[in-house]
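The values are calculated or read from the model by the stated rules, or taken from the named source; none is laboratory data. Everything numeric here is computed off the predicted structure, so don't read it as measured data. We place every Cβ from the backbone using ideal geometry, glycine too, and count neighbours over all the protein chains shown.
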Amino acid sequence: MEQCSQVDILQICGSRNFDWIALPSNGASGGMLILWHKDTIEVSSVLEANYSLTIECSNKIDHFH
């Protein structure tokens with residue numbers, strides 16, 4: 001999958017209350033997709049590199065970071 005859309009997320013999760021970040025495939029390396037439920041996870045930062053995705057997040061319920 002070269003691009004990820006809201007329709008793709010709905011098919012995967014079945015809910016509109018998810019957010020995501022995607023990194024398309026790069027050469028022979030497959031792409032990456034990180035999904036999170038917006039009611040329970042708060043993402044504070046995103047780092048996107050050529051071959052990696054990193055998110056810093058916390059749990060909204062117990063504030064675990």
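Okay, here's what the table says:
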{"item": "Residue list for region 22-47, restricted to those being part of a strand (DSSP E or B) and either in contact with a Leu (Cβ under 6 Å, 6 or more places away or on another chain) or touching a residue at least 60 places away in the same chain (Cβ under 8 Å) (or both)", "result": "22, 23, 32, 34"}
{"item": "Among the candidates 15, 45, 29, residue that is hydroxyl-bearing (Ser, Thr, Tyr) and at pLDDT 85 or above", "result": "45"}
{"item": "Any chance residue 15 is assigned to a strand (DSSP E or B), of a type in the set (Gly, Ala, Ser), within 26 Å of residue 63 (Cα to Cα) and touching a His at 6+ places or on another chain (Cβ under 9 Å)", "result": "no"}
{"item": "Test for residue 21: is it at pLDDT below 95, of a type outside the set (Lys, Arg) and surrounded by 11 or more Cβ atoms within 10 Å (Cβ to Cβ)", "result": "yes"}
{"item": "Matching residues in region 30-43 - criterion: being small (Gly, Ala, Ser) and either closer than 24 Å to residue 60 by Cβ or loosely packed, with under 12 Cβ neighbours inside 10 Å (or both)", "result": "30"}
{"item": "Scan of region 17-65 for residues that are farther than 26 Å from residue 7 by Cβ and touching a Phe, Trp or Tyr at 6+ places or on another chain (Cβ under 9 Å), ordered by number", "result": "58"}
